[in-house]
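Notes follow once the structure below has been shown.
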Amino acid sequence: MVLTEMTSAGDEETGPFMNVHVTVNGAPRSATVETRTLLVHFLRENLSLTGTHIGCDTTNCGACTILLDGKAVKSCTILAVQADGRELRTVEGLETDGKLHPIQEGFIEEHGLQCGFCTPGMMMCSVALLQKNPHPTEEQIRRAISGNLCRCTGYVNIVKAIQHAANKMAGPSGGGRP
Amino acid sequence: MTVHGGVGQSIKRKEDARFVRGKGNYVDDVKLPGMLYLDIVRSPYAHARIRSINIEKALKVPGVLAVIRGKDLEAANLAWMPTLMSDKQMVLPVERVMYQSQEVAAVVADSRYAAADGVVAVEVDYEPLPVVVDPMKALEPGAPILRPDRKEQTNRIWHWEVGDREGTDKALKESDVVVKENLYIPRIHVSSIETCGCVASFDAMGKLTVWMTTQAPHAIRTVFALVAGLPEQKIRIISPDIGGGFGGKVPVYPGYVLAVVAALKTGHPVKWIEDRSENIQADSFARDYHISAEIGATRDGKLTALRVKTIADHGYTDAAANPSKFPAGLFHIVTGSYPFEKAHVEVDGVYTNKPPGGIAYRCSFRVTEAAFTIERIVDSLARKLGMDPAEFRMKNFIPPEAFPFKSALGWEYDSGNYQGALRKAMDIVDYDALRKEQAEKRKRGELMGIGISSFTEIVGAGPSHTFDILGLKMFDSCEIRIHPTGKAIARFGTKSQGQGHETTYAQILAEELGISSEDIAIEEGDTDTAPYGLGTYASRSTPTAGAAASIAARKIRDKAQKIAAHLLEVSPDDLEWKDHKFQVKGVPDKAKTMAEIAFAAYTNHPPGMEAGLEAVDYYDPPNLTYPFGSYICVVDIDKETGEVKIRRFVAVDDCGTIINPMIVEGQIHGGLTMGLAPALLEEIHYDENGNMLGGSFMDYLLPTAVETPKWETAKTTTPSPHHPIGAKGVGESATVGAPAAIVNAVVDALAHLGVTHIDIPITPWKVWKILHEKRAA
Amino acid sequence: MIPPRFEYFAPSSIDEAVQILDRFGGEAKVLAGGQSLLPVMKLRLAEPRALVDINRIPDLAHIREDAKSLRIGATTRTNDLNDSELIHARYPILSDAAYEIADPLVRNMGTVGGNVSHGDPANDLPACMLALGAHFVVRSPTGTRTIPAKEFYQDTFVTALESNELLLEIQIPKARPGQGNAYVKLEKRIGDFPIVGVAANLVLTTKGTIESAGLALTAVGPTALKATEAERHLVGKAPEDDAFQRAAELAQEITSPVSDLRGPAEYKRAMVRVLALRALHRASARAHGGA
Amino acid sequence: MHFEGTFTVRASSTRVWSFFLSPQEFSSAIDDPHTIEVVDADHFRGTIKAGVAFIRGTFTWSATVKERVPPERAQMAVHGSGMGSAFDIVATLSVSESAGLTTVKWAADVQMSGTIATTGARLLQGTTEKKTNAFFENARKMLEVA
């Protein structure tokens, strides 16, 4: 097959580049990246943390949700350089010492996922919610995940999964506050 | 005695263990050494002649290695490819672009970023041509012929009809009451949260492996072999974890082919992942049916006949994913849950300057269009007759004793109890109380509506005498191997995209084989290992591959029975399969479990018998299955703004035997949400120049958790008589049934103002306009 | 979607930031939350030569009330308005708006300063600022100046902010007894750009008549619009439906909505009236001590 | 999108007509930074950095004079591409002189294609209209001064 000639390498300048240091799931990580590198690409490609997904590019779907200094944000609309020196948490950091986080258990127990693609972002958003509001009402949960789109589940079981985690995290005495 | 994880148990899903840890393996997670990235230059014009494509600047962009154009493909006879409907589609254009965002050239680079820079640097000179956006205008004399390559110099792709035209005309003429509605079911997009993409790689021996977002890996392999002329044993398609499909991952998109070409050209693995705008603007659309339906009845409310005419906008090529014999899919299930004497359906497919498609949107080949049509127009008819829509349906349903029932348009419904489902939904929602509330509210000037949809689906394509795609019969398959220690692996020709096959298939096998579902591994999606099958779409996995699982397991049981007899030193006829093991009839403690039998199959098999315990089944279903349900939706309308709020939605589904109630309920929740979406939110718009307006999630609005109501679900169970375990399939029922319930509810709220129909999506301003005009009048 | 290349600066002081902006003479863009800017860059509809990330400048994120004003720092996150007891209790118009700007995740990044100064007529906070009579404190290499909100919005994406100026703080007249305000908006779906939004702010005299009024509109013109005639009509009237009806009509008259995916122009214009009435009634109820 | 307008200037119709047909002159009425190159009497081309505020990109453009009837009528077609988009403008001019005053009736049919039309529909109409009006207003002022 005759295809157009390949070039060997570009002759223009690339970059500019910057060294980015972050703490991800408790561990220091760094890489040198172009300044325009999106945080989600930094995580997925430079750090090989592929649990954070890309679903829309326009800050609408939330598949790329991670925690930045404890707050849930959309990593497709943040530059890696903006995260320099800051603390990140991704889905890979939810399980500790071989024990699932209550939100992970909740999603399994209540069938809160189907294809699994939105799930990491949905869980990270939920973790941030429960840190801020340990006993959310159903309305508060639905509002809190309104920036995370799921095409499979119809959300009912996601709400239950978050309630499951809330009850579990509240412990045997504190659970189920109305 | 029940087996752990058998049929009917709500066991937790096996696949969740990796998904909740972020360890799913989706196509974009595949990373190979030396991998390059492909990005696509797309047309700003909906119709234009390409004067030139200048790639000089693009080749100078750092990291860019190659640019592929149509003329490069033409030399290898790859510029065009066949569609699943035996039309043809451009991989890259040589002469003309036919829709805005069509692929024009492909840039290959050493990073995603460099490829994107290269795309911007490709200079294309276009000469705009007249654009045909409206399919009605496309059919007018003098309209530009969009496909001069065809023998027929018309934009009409095909005309298709079924039923008794004259008999229907006559019956309608003789009907006491006839109602007609024009219903437009707009173009929408499945928008699975994972977009499409692939990684193509050739090994040193020339074998091609493609990790690909496909719902039908085996069929794709064959298509690749036929189109590219590669020997089929040298093609391996791997469909890893798929982030939702809904029909959008059935077709072959140009990007896949380009990645393969680029891998061949560069000698490197090549990844192509589309972004969301490309996904919405260029990948297959769904629906886009302009329907005109007429329905007749006697004065006392007995249905007589149905006539449906439809214009189907297919874009510039017919790239629908339908069984070959049915260009309009299974749209002729449009007689729905009613025993019409006479019916006639005709559909015309039309070319326009829009992206190709005509795929399902979580439905079985145009069933949603059909269910929406009949459930909408039945409502209009009931209203015209002054009858309550529930009462009217009850009076006209096919009665339970009439099954198997032959429909006026030729389908044989396997089983049903439509009255039972509607009665149950009415009880749950307290229908009579709602009607009373509505009457009171109406007196106070408040707007509330109650909508019913009693749909019948047609899934599980399909029997080989009628169903094929590109000649490939629509069977599906299961291959089981029982290991010596009594654990098993089973592989299927289907491919889960979230439906939970790893769990439910194991449950069928657990039930049939007496092995805990935890001890059965399920694999799909790798064409080198899985048996051939047509894939997962149209709710066909349970009716076809699920049935294959049962039959293959029973083949294993047949052999196991002989081994058990050998071990127990009795005749096979003395044994019965009871409590998930073979036992000597009447002597329960003389029994062999499948684990014991499996061990013997490898260590102590009877003389003259082959060792091992394996079976494969290619299941050709004797008929389709016909799931059904009755949905009731209650809406409240803000009179000032026209906003519609769903207060309650009760869904009673009957999908026959249920394998995993938890998963079935989850499928219904999801399906309902994809029913709500087109009813209230989603629509793809084009301007008069053929630009898709709002081709991203900024403007194409998927429902969030806030608009989505707390679905209320319930079930009745009417098993399919021909499926080995009586299951019918459920992944799409709710998407099929829900839109009519919602629209019927809104129309019901406004019916006293003379409203008989509102086209979907029902936006606040459509409702406001009606209210505004009625107030003014 | 991949943004084009740019130089990235993360100055640690305001002076440094405005020097960089000045040096690039309009070719640099301030990066605050980035929730509007980065999507536009990913679409390659904007290609600034440099981004000036102001998130590392200390004390640009604050919400505090002094003797005269409520002062909100430019990099205050939109969600901080939601989380602030002060805002909820005394400036509920801002928590009304902040509660429904985009979605909670975007609000964790998106800044008040960005929303206010982006110049998008569909942003919610500009109408609130117009209704509240806010002032914007901006700094350039030559000094600091204060721009009233009503002079700030010039055209779509065009504001009074010069290319070498940085928005530092928003100053809102301190809430008074008898003041009530509200922001009401209509969306096709939660998180979407508004179809229409209306901001209303009322200050009542001790006798209960309207002493001053602010009314402003979102997404029905090239910028957020201040309904000056409507405001003027309200002053001196009783905060009741008669006055509100007329004010709502006057507000309708200044709109020039366009038909788009969020509704036909005639619908939007009609909704201005409906929403203005709702916003005024809610503001009045709050002025009377209601929620 | 269709825009049209009329204005009157104190200048001869010949002067007005030649202004709009002279690449150097008409291009000076364009606000956005641009370049222009004369290919021949009826063909011009160049680049333009167009947009609104920071939403801005570089387009390459070419123009063809479709009709010239001095000093009465003219029609020009302009095509441009950039930002994943394309624009096509057909501008028609009709000039008439009476008592030292020249009336110019203009019309422009503007077609946007691609990314801008797809994602920017919310803001497109207003911006395009403003730019078109600004061009003719600039031209009027220049003719008035001259």
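Per-residue answers, yes or no, for (1) farther than 30 Å from B:K249 by Cα; (2) part of a loop (DSSP other than H, G, I, E, B):
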{"position": "A:I108", "(1), (2)": "no, no"}
{"position": "A:F117", "(1), (2)": "no, yes"}
{"position": "A:L129", "(1), (2)": "yes, no"}
{"position": "A:Q140", "(1), (2)": "yes, no"}
{"position": "A:G147", "(1), (2)": "no, yes"}
{"position": "A:R151", "(1), (2)": "no, yes"}
{"position": "A:I158", "(1), (2)": "no, no"}
| said: Show the residue pairs meeting these rules: Cβ distance below 6 Å; 6+ apart or different chains; first residue within the range A:115-137 and within 11 Å of A:A165 (Cα to Cα); second residue among the aromatic types (F, W, Y). | reply: none
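Could you say whether any residue in the range C:224-232 is within 25 Å of C:D120 (Cα to Cα) and either of a type in the set (K, R) or in the same structural domain as C:L31 (by TED's automatic domain parsing) (or both)? Can you show your working first?
Going through the range C:224-232, the residues within 25 Å of C:D120 (Cα to Cα) turn out to be C:224-231.
Narrowing further to those that are either of a type in the set (K, R) or in the same structural domain as C:L31 (by TED's automatic domain parsing) (or both): C:226.
Within the range C:224-232, one or more residues are within 25 Å of C:D120 (Cα to Cα) and either of a type in the set (K, R) or in the same structural domain as C:L31 (by TED's automatic domain parsing) (or both).
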| message | Condition first: buried (at least 22 other Cβ atoms within 10 Å of the Cβ), without any contact (Cβ under 8 Å) to a residue 60 or more places away in the chain and not charged (D, E, K, R). Can you find one or more residues in the range B:235-249 that meet it? | response | no
| note | Quick count over the range D:75-92, residues being surrounded by fewer than 21 Cβ atoms within 10 Å (Cβ to Cβ) and among the aliphatic types (A, V, I, L, M), is 4
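Those residues that are farther than 19 Å from A:R36 by Cα and buried (at least 24 other Cβ atoms within 10 Å of the Cβ), I need them from the range A:67-89; list them, please.
To start, the set of residues in the range A:67-89 that are farther than 19 Å from A:R36 by Cα comprises A:67, A:69-72, A:87, A:89.
Scanning the range A:67-89 gives a single hit, A:A72.
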| task | Restricting attention to the range C:1-43, report how many residues are surrounded by fewer than 22 Cβ atoms within 10 Å (Cβ to Cβ), basic (K, R) and closer than 20 Å to A:V33 by Cα. | result | 1
| task | Give B:A734, B:A749 a once-over and let me know the one that is in contact with a Leu (Cβ under 9 Å, 6 or more places away or on another chain), crowded, with 24+ Cβ neighbours inside 10 Å, within 13 Å of another protein chain (Cβ to nearest Cβ) and not in a loop (DSSP other than H, G, I, E, B). | result | B:A734
| Quick one: in the range D:26-56, which of the residues that are buried (at least 16 other Cβ atoms within 10 Å of the Cβ) and charged (D, E, K, R) is modelled with the lowest pLDDT? | D:R56
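Among what's in the range C:263-278 and is within 18 Å of C:K188 (Cβ to Cβ) and more than 9 Å from chain B (Cβ to nearest Cβ), pick the residue that is surrounded by the fewest Cβ atoms within 10 Å (Cβ to Cβ). Please lay out each step first, then the result.
Initially, the range C:263-278 is screened for residues within 18 Å of C:K188 (Cβ to Cβ), giving C:263-272, C:274-275, C:278.
Okay, now just the ones that are also more than 9 Å from chain B (Cβ to nearest Cβ), so C:265, C:269, C:272.
Values: C:A265: 14, C:R269: 18, C:V272: 28.
Filtering first and then ranking leaves C:A265.
Residues of the range C:90-106 being over 14 Å from the mean Cα position of the chain (by Cα) and charged (D, E, K, R), which ones?
In the first step, residues of the range C:90-106 are kept if they are over 14 Å from the mean Cα position of the chain (by Cα); the result is C:90, C:103-106.
If the condition is that a residue be over 14 Å from the mean Cα position of the chain (by Cα) and charged (D, E, K, R), then C:R90, C:D103 are the ones that fit.
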| Of (1) without any contact (Cβ under 8 Å) to a residue 60 or more places away in the chain; (2) more than 14 Å from chain B (Cβ to nearest Cβ); (3) not in a strand (DSSP E or B), D:T118 satisfies all except one. Which? | (2)
| B:D149 vs. criteria modelled with pLDDT under 95 and either of a type outside the set (G, A, S) or assigned by TED's automatic domain parsing to the domain that holds B:M81 (or both) | yes
| task | Name, by its number, the condition in (1) closer than 30 Å to B:R554 by Cα; (2) over 19 Å from the mean Cα position of the chain (by Cα); (3) more than 14 Å from chain A (Cβ to nearest Cβ) that does not hold for B:N660. | result | (3)
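How do the strands (runs of 3 or more DSSP E) wholly within the range B:598-709 filter down when requiring 1 or more residues that are closer than 30 Å to B:K774 by Cα: which remain? Reasoning before the result, please.
Details: elements: B:614-619, B:628-637, B:644-654.
Once the strands (runs of 3 or more DSSP E) in the range B:598-709 are filtered for at least 1 residues that are closer than 30 Å to B:K774 by Cα, what remains is B:628-637, B:644-654.
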| Considering the range C:55-78 alone, what residues qualify as being within 14 Å of chain A (Cβ to nearest Cβ) and buried (at least 20 other Cβ atoms within 10 Å of the Cβ)? | C:I57, C:T75, C:T76, C:R77, C:T78
| query | For the range B:534-570, how many residues are closer than 21 Å to B:D589 by Cα and touching a helix residue (DSSP H, G or I) at 6+ places or on another chain (Cβ under 6 Å)? | reply | 7
| task | Would you please list the contacts, defined by Cβ atoms under 8 Å and residues six or more apart or on different chains, that run from a residue in the range D:51-62 that is more than 7 Å from every other protein chain (Cβ to nearest Cβ) to a residue that is acidic (D, E)? | result | D:G51/D:D32; D:T60/B:E123
| message | Which count do you get for residues in the range B:30-54 that are away from chain D (no Cβ under 14 Å), farther than 15 Å from B:A121 by Cα and among the hydrophobic types (A, V, I, L, M, F, W, C)? | response | 4
| query | Restricting the first residue to the range B:380-409 and requiring it to be assigned to a loop (DSSP other than H, G, I, E, B), which pairs with a second residue that is modelled with pLDDT of 95 or more and basic (K, R) meet a Cβ separation below 9 Å and a spacing of at least six or different chains? | reply | B:M387/B:K395; B:D388/B:R435; B:A408/B:K342
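This table checks each residue for (1) of a type in the set (S, T, Y); (2) closer than 27 Å to A:E110 by Cβ; (3) free of Cβ contacts under 8 Å to residues at least 24 places away in the same chain.
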residue	(1), (2), (3)
B:I663	no, yes, no
B:A677	no, yes, no
B:E683	no, no, no
B:Y686	yes, no, no
B:N691	no, no, no
B:G694	no, no, yes
B:F697	no, yes, no
B:W711	no, yes, no
B:T717	yes, yes, no
| task | Spot the failing condition for A:T23; the list is (1) assigned to a strand (DSSP E or B); (2) at the interface with another protein chain (Cβ under 10 Å from one of its Cβ atoms); (3) of a type in the set (S, T, Y), and only one is missed. | result | (2)
| said: If I ask for residues that are more than 9 Å from chain A (Cβ to nearest Cβ), assigned to a strand (DSSP E or B) and either touching a residue at least 24 places away in the same chain (Cβ under 8 Å) or of a type in the set (F, W, Y) (or both), which ones from the range C:8-38 would you list? | reply: C:F9, C:A28, C:V30
| Where A:F42 falls short, out of the listed (1) closer than 21 Å to A:L130 by Cβ; (2) more than 8 Å from every other protein chain (Cβ to nearest Cβ) | (1)
| query | Of the residues that make up the range A:129-147, is at least one within 16 Å of B:F19 (Cβ to Cβ) and either within 14 Å of chain C (Cβ to nearest Cβ) or out of contact with any helix residue (DSSP H, G or I) (no Cβ under 7 Å at 6 or more places or on another chain) (or both)? | reply | no
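Per-residue answers, yes or no, for (1) in the same structural domain as B:G498 (by TED's automatic domain parsing); (2) touching a Lys or Arg at 6+ places or on another chain (Cβ under 9 Å); (3) of a type in the set (A, V, I, L, M, F, W, C):
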site	(1), (2), (3)
B:H4	no, no, no
B:S43	no, no, no
B:R51	no, no, no
B:K57	no, no, no
B:L73	no, no, yes
B:A76	no, no, yes
B:T83	no, no, no
B:Q89	no, no, no
B:L92	no, yes, yes
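Counting only residues that are within 9 Å of chain B (Cβ to nearest Cβ) and over 17 Å from the mean Cα position of the chain (by Cα), which one in the range C:179-208 is surrounded by the most Cβ atoms within 10 Å (Cβ to Cβ)?
Taking the range C:179-208 as the starting set, the residues that turn out to be within 9 Å of chain B (Cβ to nearest Cβ) are C:186, C:188-193, C:195.
So of that shortlist, the ones also over 17 Å from the mean Cα position of the chain (by Cα) come out as C:188-190.
On the way: C:K188: 22, C:R189: 15, C:I190: 18.
Of everything passing the filter in the range C:179-208, C:K188 is surrounded by the most Cβ atoms within 10 Å (Cβ to Cβ).
The values are calculated or read from the model by the stated rules, or taken from the named source; none is laboratory data. What you are looking at is a predicted structure, and each value in this text was computed from that prediction instead of being measured. Don't worry about glycine lacking a Cβ; one is built from the backbone with ideal geometry, like all the others, and counts go over all protein chains shown.
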